[in-house]
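Taking it in order: structure first as structure tokens, then the write-up.
The values are calculated or read from the model by the stated rules, or taken from the named source; none is laboratory data. Predicted model only: the values in this text are computed from it and were never measured. Cβ sites come from the backbone with ideal geometry, for glycine too, and all protein chains shown count toward neighbours. Surface accessibility is based on the protein's heavy atoms, side chains included, excluding ligands, DNA and RNA. Shrake-Rupley method; radii C 1.70, N 1.55, O 1.52, S 1.80 Å.
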Amino acid sequence: MPTNSPLKRKLRMGLIGGGQGAFIGRVHATAAVMDNRAALVAGALSSDPTKSKASASDYDIPADRAYGSYREMCEAEGKRNDKVDFVSIATPNHTHFEIAKAFVEAGFNVVCDKPMTFDLAQAEELLKVVEKSGVVFAVTHNYTGNPLVRQAREMVQNGELGEINAFRSNYIQGWLRTRLESENQKQASWRTDPSKSGAAGCFGDIGTHAYNLARFITGLLPKELSCSLKTFAEGRKLDDYGTALIRFENGALGTVTASQISHGRENDIFIEVDGTRASLEWHQENPNQMIVRKNGEPHKIYTRAGGPYLGAAAGAATRIPSGHPEGYLEAFANIYTATFDAIAKRASGAKFETVNTVYPNVFDGVEGMLFITQCVQSSKENGAWLPLKHAKIRK
């Protein structure tokens, strides 16, 4: 645990979701404890009370803190002297709002999977609840935790790329080329169900990651967008491919493309950013390298922990020496460790930043839901240009 932490103990974590057969709950549990700053001590791991309690031993959660529902957990933990310091929500989209709202109103800090809520109205209401409560609220757009993504952001902020003119941010998968949901595959079933996923499928699931990544790196303030979404797998209820064109306040253009029907593609989220002085390119599937290009000069390859040319942000997000790969789980853990800094400050009564945070926060969650909402509506209107700036966007 860092010596500059205001707390001299591990933070106590509660997990919502992540029961038997789940994926992202285990990721949250692993990432949160990676730096030895937190311990998982309680959970409501499934909407099925029996399954929830049966799953507790998989996480070494003691029986007396293995709850049958999130409501039971919220009430019981609130009465304990050693109650959890934060809860992580790793459940399907349609449940995020009610769970987050309950814990925030009870004074608990929250780390929520993305997208933050089922729809924009819920996101805006949750923002009000968070602002009123004063809790720490993080959203796990985990790709922003990669060291070279933070290096890219720092380079943009320092003017090394000049004025940002354009970006191309993409997230390409192929796992939903066929209708796995018709085979009762758990992940496919809820992600393609509008009653659980929300108004968008592919764009809500991974398009939001691509958009958030671009906003994080470039800092460009959005103005309006035009979007086209399409469902290629016959009979599927939600989009499995789409492209959005975005105009920004400084005149820059950006494109976000997301696919879940591209043969052989796995989790290829990648971005290219064009500035007046230089351009850069980064791929999540090769996260330890970033290419920087400038006309008339040899291309430069930046490596994670590669030397003194890297800035403080990349260094702070790196755990092991260069040449030893770091990736998905480490990036996820970086979101947690930044959130923990704020949680520790709140617990000790110190002030903490709520808007311009290195971890994605509740404002980013609202912006993500606005992005989904406007993309869906624009596509329905044959690519009509719709406003994208939210009144609460402050960074």
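Using 0.36 nm per residue of separation minus the Cα-Cα distance, give me the extension gain between Glu154 and Glu124 in nm, one decimal.
Values: separation 30, 0.36 × 30 = 10.80 nm, distance 2.94 nm.
Taking Glu154 through Glu124 to full extension adds about 7.9 nm, to one decimal.
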| request: Step through the table entries Lys8/Lys51; Lys294/Lys392; Lys83/Lys132; Lys53/Lys392; Lys10/Lys186; Lys83/Lys389, compare each Cα-Cα distance with 32 Å, and write down the pairs that go over it. | output: Lys8/Lys51; Lys294/Lys392; Lys53/Lys392; Lys10/Lys186; Lys83/Lys389
| query | So which aspartates and glutamates can Lys114 reach, going by Cα to Cα under 13 Å and dropping same-chain residues fewer than 8 places off? | reply | Asp205, Asp364, Glu367
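Using only DSSP helix segments of four residues or longer, with each worth -39500 (n - 2.57), what per-residue ellipticity at 222 nm results for the chain after dividing by its residue count and rounding to 500? Let's see the in-between values first.
Details: 12 runs with 126 residues, N = 395.
Mean residue ellipticity at 222 nm (helix-derived): -9500 deg cm²/dmol.
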| task | Go through 238-249, 156-167 and give me the packing order, highest mean Cβ count within 10 Å leading. | result | 238-249, 156-167
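How would region 210-285 be classified by its alpha-carbon gyration tensor: rounded, prolate or oblate, with rounded meaning a/c under 1.5 and the a/b versus b/c comparison settling the rest?
Values: a/c = 3.06, a/b = 1.53, b/c = 2.00.
Oblate.
For an R0 of 22 angstrom, estimate the FRET efficiency from the Cβ-Cβ distance between Ile291 and His263 and round to the nearest 0.05.
Numbers: r = 26 Å, r/R0 = 1.16.
Once rounded, the FRET efficiency stands at 0.30.
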| request: Report the accessible area of Arg177, computed with a 1.4 Å probe over the heavy atoms of all protein chains in place, in Å² rounded to the nearest 10. | output: 80
| task | Just subtract the alpha-carbon distance of Lys132 and Leu221 from 0.36 nm times their residue separation and send over the number in nm, one decimal. | result | 29.5 nm
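Keeping all protein chains in place, calculate the accessible area per residue for the chain (probe 1.4 angstrom), answer in Å².
With all protein chains present, the chain gives 42 Å² per residue.
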| remark: Expressed in square angstrom to the nearest 10, the accessible area of Ile16 with a 1.4 Å probe stands at 10
| Tally Lys and Arg at +1 and Asp and Glu at -1 over the other residues with C-beta under 12 Å from the C-beta of Pro49: what net charge comes out? | +1
| query | Roughly speaking, what is the centre-to-centre gap between region 343-387 and region 147-198 when only Cα atoms are used, to the nearest Å? | reply | 15
| query | Across 20 Å bins from the origin, how do the percents of Cα pairs in the chain run, short distances first? | reply | 28, 60, 12, 0
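Please say if region 224-382 is rounded, prolate or oblate, where rounded means a/c under 1.5 for a ≥ b ≥ c the square roots of the C-alpha gyration tensor eigenvalues, and otherwise the choice is prolate for a/b larger than b/c and oblate otherwise? Walk me through the intermediate numbers first.
Details: a/c = 1.69, a/b = 1.26, b/c = 1.34.
The shape class here is oblate.
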| note | Phi angles of region 117-124, converted by Karplus (6.51 cos²θ - 1.76 cosθ + 1.60, θ = phi - 60°) into ³J(HN,Hα) in whole Hz with x for Gly and Pro, give 9, 6, 8, 5, 4, 5, 4, 5
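I need the shape label for region 3-156. Rule: rounded when a/c is under 1.5, else prolate if a/b > b/c, else oblate, with a, b, c from the alpha carbon gyration tensor.
Numbers: a/c = 1.41, a/b = 1.24, b/c = 1.14.
Rounded, because the longest to shortest axis ratio a/c is under 1.5.
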| Put Arg168, Arg12 in order of accessible area, largest first, 1.4 Å probe: what do you get? | Arg168, Arg12
| remark: The answer for Ala252, listing residues at least 5 apart or on another chain whose modeled amide H is closer than 5 Å to its amide H, is none
| request: Distance between Cα centroids, region 14-67 to region 224-243: provide it in whole Å. | output: 34
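Highest first, please rank the peptides 50-57, 341-348, 147-154 by the mean number of other Cβ atoms sitting within 10 Å of their residues.
Details: 50-57: 17.4, 341-348: 19.5, 147-154: 24.4.
Peptide ranking by packing, descending: 147-154, 341-348, 50-57.
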| request: Within region 142-158, which residues have the backbone N less than 20 Å from the label spot 7 Å out from Thr276 along Cα→beta-carbon, could you tell me? | output: 153-158
| note | According to the Cβ-distance criterion of 4.7 Å, cysteines of the chain with no possible disulfide partner are Cys74, Cys112, Cys202
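What full-extension length gain, to one decimal in nm, is calculated for Ser228 and Ser348 as 0.36 nm per residue of separation minus the Cα-Cα distance? List each step's numbers first, then the result.
Details: separation 120, 0.36 × 120 = 43.20 nm, distance 4.79 nm.
Gain on stretching Ser228 to Ser348: 38.4 nm.
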| field | Those aspartates and glutamates that a straight Cα-Cα span of less than 18 Å connects to Lys300, excepting residues fewer than 8 apart in one chain | value | Glu154, Glu160, Glu272, Asp274, Glu281
| message | Using only the heavy atoms of the protein chains and a 1.4 Å probe, how would Lys132, Lys83, Lys380, Lys389 rank by accessible area, largest first? | response | Lys132, Lys380, Lys389, Lys83
| task | Compare Phe203, Phe352 by solvent-accessible area with a 1.4 Å probe and give them largest first, with all protein chains kept in place. | result | Phe352, Phe203
| field | Rounded Å value of the spacing that divides the Cα centres of region 73-138 and region 256-328 | value | 32
